[in-house]
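Single-structure report; data block below.
Please treat every number below as a calculation from the coordinates, not as lab data. Here the structure is a predicted model, which is why all the values come from computation and not from measurement. Here the Cβ positions follow ideal geometry from the backbone for every residue, glycine too, while neighbour counts run over all protein chains shown.
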Amino acid sequence: MNLNKLQHRTDRLRAIPLKDVLLAAGAHPDPIDRAKWHTAPGLISINGQKFFNWNRHTGGGGAIDLAMHLNALGFQDARHWLVSHFPSSDMPAAVQPPTSTILRLPASAPRNLADVSRYLARRRLLPSGLLRTLINAGHLYADPYANAVFLLLGKKRNPVGAELRGTSTRSWRGMAPGSSKDRGYFRIGPQSYTGIVLCESAIDAISCLVLHPGHLCISTSGARPNPAWLPDLILPGLPLYCGFDADQTGERMAHAMTARHPDVQRLRPPQHDWNDSLLARL
């Protein structure tokens, strides 16, 4: 490829809307200021194609810079990450996403586990029995900052990423650096299940299981219409539901998923999301 074509495609990657990059990275919009997003590296504001991290007092411009910042990646790996999440960016087939990215899971801090469990049980009303099962299996733990860490597991049940959820007065959500959301997912449910529900987060998946016992509840770690592992879940006679949030983004991503995969049915949470629905019921 000549330099002009490479530069043109790099420019196309830089022009990807920052909001879409944040959603793909598992960031969560601030409920009050929609220009601010809660991410693993800190609170980020966006203005057009510019962003600024208020916790780290640094910023940048364009989707490549933001992908580097959110995922702790170098320039080329950030380009590959964007190609894998936004294939319509028209990158050539010769530029392939890396087969693996270094995963940096947060360290476990058992001293914070009681506080994290208390938050999940009292504030989120998640059943203590389900939390103990996840903790005993090593799929949920606390990090040194008292964040809840929910592991994403691959085909061989090896960790391929983690959702991080703040449990203190600083409310935020994000992903562990190097997480590969297309290689695995957080899951909870019985060994023999009657259906599968796709949710936007691990907390929503646990909440959905309480409301729909007997189902396998999976987190897509953000509203994504076509995770790479989704076709493997489409089995004859087994209902598969898209349970994304009942908001504009959730509806848009659910429509894109059901359009691409007609076997997937829409299952809308009664409230904004499954945890809100659980809180409303109890």
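Numbers for the structure displayed
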quantity: Computed label-point distance, nm, for sites Leu125 and Lys50 using a 7 Å Cα→Cβ extension; calculated: 4.3
quantity: Alpha carbon convex hull of segment 3-89, volume per residue in cubic angstrom; calculated: 86
quantity: Cβ-based exposure ranking for Ser277, Ser179, Ser219, in which fewest neighbours within 10 Å come first; calculated: Ser277, Ser219, Ser179
quantity: Of the chymotrypsin sites (Phe, Trp or Tyr not before Pro) in segment 207-282, those whose Cβ has at most 16 other Cβ within 10 Å and which sit in DSSP loop; calculated: Trp229
quantity: Computed lengthening from Phe75 to Arg266, 0.36 nm per intervening residue step minus Cα-Cα distance; calculated: 65.0 nm
quantity: Long pairs among Lys36/Lys181; Lys50/Lys155; Lys5/Lys155; Lys5/Lys50, criterion Cα-Cα beyond 29 Å; calculated: Lys50/Lys155; Lys5/Lys155
quantity: Longest site-free stretch - the chain; sites: trypsin sites (Lys or Arg not before Pro), DSSP loop, at most 15 other Cβ within 10 Å; calculated: 171-282
quantity: √(5λ) per eigenvalue of the Cα gyration tensor, segment 109-234, largest first, Å; calculated: 22, 17, 13
quantity: Neighbour-count order for Asp33, Asp247, Asp273, Asp77, fewest beta carbons within 10 angstrom listed first; calculated: Asp33, Asp247, Asp77, Asp273
quantity: Mean-position separation - Cα centroids, segment 103-151 and segment 9-83, in angstrom; calculated: 27
